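I'd like to ask you about the structure that follows.
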Amino acid sequence: MTLVSRLAATCAMALLAASSALADVELRITHPISSGAGKDAFDKIVAAFEAANPGVTVKQIVFDDDIYSDTGLITQLQSNEVPDIYFQWAGYPMQRDAQAGYAGDLTAAMADGWKDTFIDSAFAPGSGTSVDGKIYLVPVSLDVTNTLWYNKSIFAENNLTPPATWDEFLAAIKVLVAAGETPIITGNNELWPLGNWASHIAARTVPAAEYDAAFRQQKTFAEAGFLKPLELMQQLAEAGAFNKDMQGLGADPAMAGFFQEAAVMHPIGSWLVGSEGDLAAPGFAYGQFDTPVIDPSLPGSKSVIGTMTGFIQHAKAAHPAEATAFLKFLTAQDQAILWSTSGAISPVKGVADKAKLPVQMKGMADMLAGADAMVSPPDTTYPVPVAEAYYQAAAYAASGERSATDALKWLDETVGAMPKP
Amino acid sequence: MAGRNTGFQPISSGATNLLFVAPAMILFGLFVLWPLGSSVYYAFTSWSGYTKPEWVGLDNFRRAIFHDPVHIASYLHVTLYILGTLVLEVSFGLVMAVVLNSDRAGFSIMRGMFFSPMVLSMTAAGVLWAFVLDYRLGLLNSVLRGVGLDDWAQPWLSQPATALIAIMFVSGWRFSGFYMVIFFAALRRIPRSIYEAATLDGATPIKQFFTITLPLLRQQMLTCVLLAVTGGFAGFDLFFTMTNGGPFDATQVPATWIIRQGFDNNQLGYATAMTVILAVVVLIVAVVYLRVTERGNHVRY
Amino acid sequence: MSATDRRSGTEWLQLTLGGAIVCAMFYPAVWMVLSAFKTNREIFKHPFALPADWKWSNFAEAWDKGGLGGMYLNSLIVTAAAVTLTVCLATAAAFAFSRLEFPGRRWLYRLLLVGLLLPPPVVAIPLFAILRDLGLLNTLTALILAGTAWSLSLTIFILQGYFNSIRPDMEEAAMLEGANIWQIFRDISVPMVWPSMLTLAIVNTISIWNELMFALLFTVDDDKRTLPVGLIRFFGRYSTDYAMVFAALTITTLPILALYFLLQRHVIAGLSATAID
């Protein structure tokens, strides 16, 4: 055989090997998108990817939210068949995964122009998608973690409009109580629904540096000035603002309760929109307003609380090439638009304009644009036990179980006993 | 049937006999004893589950005993639960065994129905009762509102005061059948002649219960109490399903708190230390109990 | 309290009191099954009435959405394997503890009693690590082995007691005739304790079928879930849809309940016979 024909034969063999390597690949993706419009959108995207890549099948391993965070993900990560791609929150969780060696470094893959398809803030410092300049998380949604959803009809019946200040908010609540309605419904048996709202309120009353210091256990919560937000919670409790079974109710039943008009307002995140189809009667009129301004003199008084979520490629993925291909596919324009239409704000450039966002999502996108700061929820920014301790203190005050002062005392005692980071 | 064996009379000796116990003991060793031993090791480490364990000495134990009020409270809760069990399961089971002790038609079916909740899993029972106890839409509150007792309709599982009691009742609903069966079996063995003699002497059924039945059931009652106590410490399923330790940790028992710290908060070393403490507590309670009740075991009619 | 005398006042009291209590205890289950046939709205508005329309479709939906078929299969596999293994190993071991002498007999028996007293949560975490190292996480095998191991203590304890209550006369006679131990075990001992083995099989079936904690911690994939775990997930996901949850509950509990009522006499009799003496 001549050199040329030998070279040709080698190339042919290599090609064959490469294509057979691509054939019959099973890509394992694990995530908690288990219901609603988001699930439908993701399924469509997966089907489209499989159609475009014959020889690759995608296996989705899905859990409910809380099980995913508690045991689902960690068991997967430690099993002998790790997922190629997995869902994760930006911030502390991503950081921990990077340090533990689970997250794969995607900086090189991003460098060929993929990175530029995202909006600037997606990979800005503090965005929680990278560590020391190395990108680990591919962001897919910008979630507004908490906003106040309200029932338009009931507001209209009582001549109310979305309040702009805390005093107006309290007044509205009193009107609703007098009218025999339950002003606010929250399903707080896992502490985070109310906790996220209470954190946002805290971010609006406590200066940013103090807020950060308290959660990092560098100061006590009392020193940082957390009495004020807890007192606001107590005010709400005293006004009878919440549903009586707040602490025993789950997050989903509470959302359903809002859609069934069992209460007038519901503080929860932007993902509520995705459940509208499942839970609301057609024509249910609702809107949202951001938490009212509490202290106009504080910077960040019009902040929005939000976080990014996305996918991480496992450092030891069995099929890294296919995994990266899927992630690129997922964040390409068409798929990002499909994803966004299901009720998510996409961090991919240009999607917000092109996607037919549900009316509610548009409202939130506008809110994000008009905000003067972005706060992230404590349970994805700081160590979980500290965040949950604050959530619990807020729940004590909001349910009337303890006074604000006692709740604060409890908080500092509990956090004080925790090991320092 | 052959008579009672009065002593250990082996039919063969030798190490080859180990083959009969080997499979069982190997499995037992691998899945019970070895994890038990490892837990003693992990208890001295700090381990998030994501990274390797790091030695921290007695820190976990210090924290569990001195700095964790919920941990201490969980023992209080489980004790209250066990006491509740003794009333709602053991005593109620005993009473029902007496009430349903009859050869008449229909009683066998009634006993069967009374025992049937035992067949459900604690999970199914927990899920069912979580709905029954729902504040807005549950069966119990519907009944109360239906008869005009609106004020009595509580958010049962949302209030620290009522949550634990609710769980106790559900547990009683499910478990009393078990104790009924055990006591029923023992009741059957009491010769009728004793009761007939007492009736001739003029004793009322209630009196007979206290002077004849109870003393003769002493052995069973002691064993049932032991079962209730050791079973109570294992309590997990119901607490996890109905309240997951809430509201405000009012229904945390050692098992749920351990799982919460270990898996939810990724502090597996700390959680293991608490399991070691749990094991020690249970063993001490059981040994003390057995010593104290050792005397006066055999009953003669 | 005999079966042949006329009903006395006491017996009427027994009937009415007993009847009332039993009905009250049984009612929640009845309510659950009836509600499974209703729509959500109907459950809120008319909680006590019979369903206006018997919506059999609820069951099909629950079966589908919950993937109950797969879970049934998993529970069946785990339970059948674990119970068989438990009863076989336990009988052999109980036979040995009762009838045979061998080095370490006392100590091994005491170790076994430890399993009787300790609650499973105590080993959940290290067991998790061990299973992970053995590569058994997220497998049904893990549940089978763990379920068996934890059932051994009680089963051996009871069987051993049963053995002890029977004199070894027949076995000794067989020994004298030259039979080896295995033959004695197989042909004499096992048939002797067969009723007790059966009862323990039923008891273990109930407890392993309903086991939650290990299944929750050690399996993760949807297709490996057993019924109790699936039920919790279902409850979490459809916590707003009472009708669906009740349909799922009915599907998962009715078969076992039906089986129980068929075998009821044997279960209770068996439990009573081998009960604590």
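The values are calculated or read from the model by the stated rules, or taken from the named source; none is laboratory data. All of these numbers come straight from a predicted model, not from anything done at the bench. Glycine also receives a Cβ, built like all others from the backbone with ideal geometry; neighbour counts cover every protein chain displayed.
Evaluate the following for residue C:26: is it more than 11 Å from chain B (Cβ to nearest Cβ) and over 30 Å from residue A:78 (Cα atoms)?
Spelling it out, it is not the case that residue C:26 is more than 11 Å from chain B (Cβ to nearest Cβ) and over 30 Å from residue A:78 (Cα atoms).
Follow-up. Within the stretch B:242-263, which residues are modelled with pLDDT of 85 or more and small (Gly, Ala, Ser)?
The answer is B:250, B:255.
Which one is nearest to residue B:117 (Cα to Cα) among residues in the stretch C:25-78 that are in contact (Cβ under 8 Å) with a residue 24 or more places away in the chain and basic (Lys, Arg)?
So the residue we want is C:38.
Next question. Could you please let me know if residue B:278 is at the interface with another protein chain (Cβ under 10 Å from one of its Cβ atoms), under 23 Å from residue C:207 (Cβ atoms), assigned to a helix (DSSP H, G or I) and in contact (Cβ under 8 Å) with a residue 12 or more places away in the chain?
yes
Only one of these is on the phi < 0 side of the Ramachandran plot and more than 9 Å from chain C (Cβ to nearest Cβ): B:227, B:217, B:283. Name it.
B:217
Before we move on, is residue A:113 more than 16 Å from residue A:308 (Cα to Cα), more than 14 Å from every other protein chain (Cβ to nearest Cβ) and free of Cβ contacts under 8 Å to residues at least 24 places away in the same chain?
Against the criterion (more than 16 Å from residue A:308 (Cα to Cα), more than 14 Å from every other protein chain (Cβ to nearest Cβ) and free of Cβ contacts under 8 Å to residues at least 24 places away in the same chain), residue A:113 qualifies.
Restricted to the stretch C:99-142, and to residues that are small (Gly, Ala, Ser) and surrounded by 24 or more Cβ atoms within 10 Å (Cβ to Cβ), which residue is nearest to the other protein chains (Cβ to nearest Cβ)?
Once the filter is applied, the top-ranked residue is C:124.
Could you check the stretch C:175-230 for helices (runs of 4 or more DSSP H) lying wholly inside it with 3 or more residues that are crowded, with 17+ Cβ neighbours inside 10 Å?
Answer list for the stretch C:175-230: C:190-209, C:213-218.
Considering the stretch A:45-99 alone, what residues qualify as being within 26 Å of residue B:240 (Cα to Cα), part of a helix (DSSP H, G or I) and among the polar types (S, T, N, Q)?
Of everything in the stretch A:45-99, those that are within 26 Å of residue B:240 (Cα to Cα), part of a helix (DSSP H, G or I) and among the polar types (S, T, N, Q) turn out to be A:69, A:71, A:75, A:76, A:78.
Shifting gears a bit: I need the full set of residues from the stretch B:221-239 which are crowded, with 22+ Cβ neighbours inside 10 Å, assigned to a helix (DSSP H, G or I) and either among the hydroxyl-bearing types (Ser, Thr, Tyr) or modelled with pLDDT under 85 (or both), in order please.
Passing the criteria: B:224, B:237.
Then there is this: Out of everything in the stretch B:6-29 that is facing another protein chain (nearest Cβ under 7 Å) and under 32 Å from the mean Cα position of the chain (by Cα), what residue ends up being surrounded by the most Cβ atoms within 10 Å (Cβ to Cβ)?
B:24
Going by the structure shown, is residue A:34 within 19 Å of the chain's Cα centre (by Cα), at pLDDT below 85, within 28 Å of residue A:361 (Cα to Cα) and in a helix (DSSP H, G or I)?
Answer is no for this residue.
Further question: Could you say which residue among C:92, C:80 is closer than 30 Å to residue C:141 by Cα and within 14 Å of another protein chain (Cβ to nearest Cβ)?
C:92
Among the numbered criteria (1) more than 30 Å from residue B:28 (Cα to Cα); (2) facing chain B (nearest Cβ under 8 Å); (3) out of contact with any helix residue (DSSP H, G or I) (no Cβ under 6 Å at 6 or more places or on another chain), which one does residue C:10 miss?
Here residue C:10 meets the rest and fails (3).
Of C:275, C:247, which residue is modelled with pLDDT under 70 and of a type in the set (Gly, Ala, Ser)?
Checking each option against the conditions leaves just C:275.
Consider the stretch A:54-68. How many of its residues are more than 8 Å from every other protein chain (Cβ to nearest Cβ) and either among the hydroxyl-bearing types (Ser, Thr, Tyr) or in contact with a helix residue (DSSP H, G or I) (Cβ under 7 Å, 6 or more places away or on another chain) (or both)?
So the count comes out to 6.
Can you name every one of the helices (runs of 4 or more DSSP H) wholly within the stretch A:342-421 that holds 3 or more residues which are within 14 Å of chain B (Cβ to nearest Cβ), charged (D, E, K, R) and touching a Lys or Arg at 6+ places or on another chain (Cβ under 9 Å)?
Once the helices (runs of 4 or more DSSP H) in the stretch A:342-421 are filtered for at least 3 residues that are within 14 Å of chain B (Cβ to nearest Cβ), charged (D, E, K, R) and touching a Lys or Arg at 6+ places or on another chain (Cβ under 9 Å), nothing remains.
Could you identify the single residue in A:139, A:193 that is at pLDDT below 95, under 30 Å from residue B:245 (Cβ atoms) and not hydroxyl-bearing (Ser, Thr, Tyr)?
Being at pLDDT below 95, under 30 Å from residue B:245 (Cβ atoms) and not hydroxyl-bearing (Ser, Thr, Tyr) holds for just one of A:139, A:193, which is A:193.
Another question about this same structure. Mind telling me which of the residues A:342, A:275 ends up being at pLDDT below 85, closer than 30 Å to residue B:157 by Cα and under 17 Å from the mean Cα position of the chain (by Cα)?
A:275
Can you name the residue in the stretch B:160-175 that is at pLDDT below 90 and surrounded by 21 or more Cβ atoms within 10 Å (Cβ to Cβ) and, of all such residues, is nearest to the other protein chains (Cβ to nearest Cβ)?
Taking the candidates together, the pick is B:174.
Still on this structure, please answer the following. Specify which of the listed residues (C:189, C:207, C:165) is under 16 Å from the mean Cα position of the chain (by Cα) and either farther than 30 Å from residue C:74 by Cβ or assigned by TED's automatic domain parsing to the domain that holds residue C:74 (or both).
Being under 16 Å from the mean Cα position of the chain (by Cα) and either farther than 30 Å from residue C:74 by Cβ or assigned by TED's automatic domain parsing to the domain that holds residue C:74 (or both) holds for just one of C:189, C:207, C:165, which is C:207.
Given C:116, C:89, C:111, C:76, which one is under 25 Å from the mean Cα position of the chain (by Cα), more than 30 Å from residue C:227 (Cα to Cα) and either outside any helix (DSSP H, G or I) or assigned by TED's automatic domain parsing to the domain that holds residue C:157 (or both)?
One residue alone meets the criteria, C:111.
Is one or more of the residues making up the stretch A:292-301 crowded, with 21+ Cβ neighbours inside 10 Å and either without any contact (Cβ under 8 Å) to a residue 12 or more places away in the chain or of a type outside the set (D, E, K, R) (or both)?
No.
Please determine whether any residue of the stretch B:137-150 is in contact with a Phe, Trp or Tyr (Cβ under 6 Å, 6 or more places away or on another chain), surrounded by fewer than 23 Cβ atoms within 10 Å (Cβ to Cβ), of a type in the set (A, V, I, L, M, F, W, C) and more than 8 Å from chain C (Cβ to nearest Cβ).
yes
So is residue A:379 under 19 Å from residue B:261 (Cβ atoms) and touching a residue at least 60 places away in the same chain (Cβ under 8 Å) or not?
Judged against the criteria, residue A:379 is a match.
Another question, if that's okay. Go over the candidates A:304, A:351, A:359 one by one and state the one that is buried (at least 21 other Cβ atoms within 10 Å of the Cβ) and either without any contact (Cβ under 8 Å) to a residue 24 or more places away in the chain or out of contact with any strand residue (DSSP E or B) (no Cβ under 9 Å at 6 or more places or on another chain) (or both).
None of the other options fit; the residue is A:351.
For the stretch A:206-223: of the residues being over 26 Å from the mean Cα position of the chain (by Cα) and assigned to a helix (DSSP H, G or I), which is surrounded by the fewest Cβ atoms within 10 Å (Cβ to Cβ)?
A:223
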